[in-house]
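Inspection log for the structure reproduced underneath, given as structure tokens.
The values are calculated or read from the model by the stated rules, or taken from the named source; none is laboratory data. Just so you know, these numbers come straight off a predicted model, no measurement behind them. Don't worry about glycine lacking a Cβ; one is built from the backbone with ideal geometry, like all the others, and counts go over all protein chains shown. Side chains included, ligands, DNA and RNA excluded: accessible areas come from the protein's heavy atoms. Shrake-Rupley method; radii C 1.70, N 1.55, O 1.52, S 1.80 Å.
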Amino acid sequence: MNAILNETHDPALRSWVASANRDGTDFPIQNLPFGVFRRAGSGEALRIGVAIGDQIADLDGLVQAGVLDTLAPGTRAAIAGQTSLNALMALGRPAWSALRLALSQLLRAGADEMPAALVAQADAEYALPARIGDYTDFYTSIHHATAVGRLFRPDEPLLPNYKWVPIGYHGRASSIGVSGQQFRRPLGQTRAPGATAPSFGPCKRLDYELEVGIFIGAGNALGEPIAIGAAEQAVFGLCLLNDWSARDLQAWEYQPLGPFLAKNFASTISPWVVTLEALAPYRAAWQRNADDPQPLPYLDDASLRISGAFDITLEVAIQSAAMRSAGEPAARVSQSNFRDSYWTVSQLVAHHTVNGCNLQPGDLLGSGTQSGPDADQAGSLLELTAGGKQTIDVGGEARTFLEDGDCVVMRGWAEAEGRPRIGFGEVSGTVLPAAGGLALRA
Ligand code: MN
């Protein structure tokens, strides 16, 4: 059910957009991820686009040009004049699939070339791809949960519910920004080890979290759970997500109700949403060790063992202010893979709705930090530095946690034998100094 291939996945397809045929592009014609853009600094209306090579195909322009007239009127209405993907997301999988096929046919080599429908990505600025009504962050990497648990609770790193329940919390949608986001180092309460009272000031242990974002498409009515076998039909696509985290605030506040101000000051996502249909050739079997509890029936489906997981390589790089001044690129600090997740996308959707909770078009789920089994596959500085006890090298500078001016860049891509590589582009974000005293009192 998860991995139906069609002509849009044909590895032999080429595009009349030459850059889409180059080795190493994130956006060959087999990808076709959706985003919202305009020419930078133009004041133009935001509109929906699809990445192709180093260009963006302007979908509003394609509708106006009449070349998408084979699509249902409702699909064209969900594109033309829209400043977010929400209306398109609400249409559901058959409409998304028909649109993908039409775009593949319009952009492939041999079709009429329409250079006027393209905007160079280098000339574009992006908005959030959707109006995000609700944001939920999960905790699906058992490697991350165990490593972090060991730091926060050495006596009981992995709580007994972990292997039964996809753990999550309701996050904050208002502070989610698109790649390029800059935010001030948060202020807050922290308590030093051994101190009896907290102090107030700038966060000293600012961290990133390497995550996959899951955009909900059609959603469900209140009181009507989404069965696991239908869960992927409710998902529009995946993006990259950096869930910035203030570890010192987190350690003091997180019990008994979970993360709060340690997490809600900023979260950053990539501008491009890669559809599940585009990811169909890059699926992997999901496994649950025989000596671990098997999922309860509502979280289990035979198809999980065939193709429940996504084989997506994820990478974090950091560029300090000094590196930026010197023109040096961000230096890679770790790499992991989404296929190592303990829970699948479909399990998250089924679990989130099993009590009747309704998901809506444009809702965002975070996968939780994706750390692999090896130490150098950790998706946060908290893990890479053993809770700040050891430093890592970032372009010749020592780091435990993030410094002001640091830019964190995350990338993701999928590869498979005999298939083109497809990518997510990147999500970047930069830490600004904390607000000063005057700003605080104002
Ligand atoms: Mn997180």
Two-site label geometry, T146 and E224: point separation in nm, points 7 Å out along Cα→Cβ:
4.1
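Mind ordering 27-34, 76-83, 333-340, 197-204 by average Cβ neighbours within 10 Å, highest first? Before the final figure, lay out each step's value.
On the way: 27-34: 25.6, 76-83: 17.8, 333-340: 22.0, 197-204: 14.1.
Ranked by mean Cβ neighbours within 10 Å, highest first: 27-34, 333-340, 76-83, 197-204.
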Which residues does a label at E328 reach in the range 378-405, if reach means a backbone N under 14 Å from a point 7 Å past the Cα toward the Cβ?
392-399
Rounded to whole Hz and in sequence order, give me ³J(HN,Hα) for the range 184-196 from the Karplus expression 6.51 cos²θ - 1.76 cosθ + 1.60, θ = phi - 60°, writing x for Gly and Pro.
7, 3, x, 9, x, 8, 9, 10, 5, x, x, 6, 8
Given R₀ = 45 Å, what would the calculated FRET efficiency be for A321 paired with A290, taking r from the Cβ atoms and rounding to 0.05?
0.35
Apportionment of accessible area to carbon and sulfur, the range 135-441, percent (1.4 Å)
53
Zone of F183 (label point 7 Å along Cα→Cβ, backbone N under 11 Å): which residues in the range 259-281?
261-269
How big is the chain by the Kirkwood estimate over distinct Cα pairs, in Å?
22.5
Using the Cα centre of the range 7-126 as the reference point, and only Cβ charges (+1 on K/R, -1 on D/E), how large is the resulting charge dipole? Debye, rounded to the nearest 20.
260
Could the peptides 103-111, 219-227 be put in order, highest first, of the mean number of other beta-carbon atoms found within 10 Å of their residues?
103-111, 219-227
Once both label points are put 7 Å beyond Cα along the C-beta direction, the Y169-A77 separation in nm becomes 4.2
Once Y298 and E44 are pulled to full extension, the length gained, defined as 0.36 nm per residue separation minus their Cα-Cα distance, is 86.8 nm
Tell me which DSSP H helices of the chain clear both cut-offs, 20 Å or more of axial length from alpha-carbon atoms and a mean Kyte-Doolittle hydropathy of at least 0.0.
93-107
Using the Cα centre as the reference, give the magnitude of the dipole from point charges on the C-beta atoms of the range 135-441 (Lys, Arg: +1; Asp, Glu: -1; all else neutral), rounded to the nearest 20 debye.
700
For S97 and E156 in the same chain, what is the full-extension length gain: residue separation times 0.36 nm, less their Cα-Cα distance, in nm?
16.6 nm
Can you find, among P202, V273, V409, the residue sitting farthest towards the positive end of the charge dipole of the chain, where Lys and Arg contribute +1 and Asp and Glu -1 at Cβ?
P202
Would you mind putting 169-175, 210-216 in packing order, based on average other-beta-carbon counts within 10 Å, highest first?
210-216, 169-175
Ignoring everything but the protein chains, give the 1.4 Å probe accessible area of R421 in square angstrom, nearest 10.
70
Distance in Å, no decimals, from the C-alpha centre of the range 51-127 to the one of the range 342-357 is 30
Calculated from backbone phi, Karplus (6.51, -1.76, 1.60) coupling profile of the range 387-395 in Hz, x at Gly/Pro
x, x, 7, 9, 9, 10, 8, 10, x
Calculate the spin-label point distance for R191 paired with A386, positioning each point 7 Å from the Cα along the beta-carbon direction, and give it in nanometres.
2.6
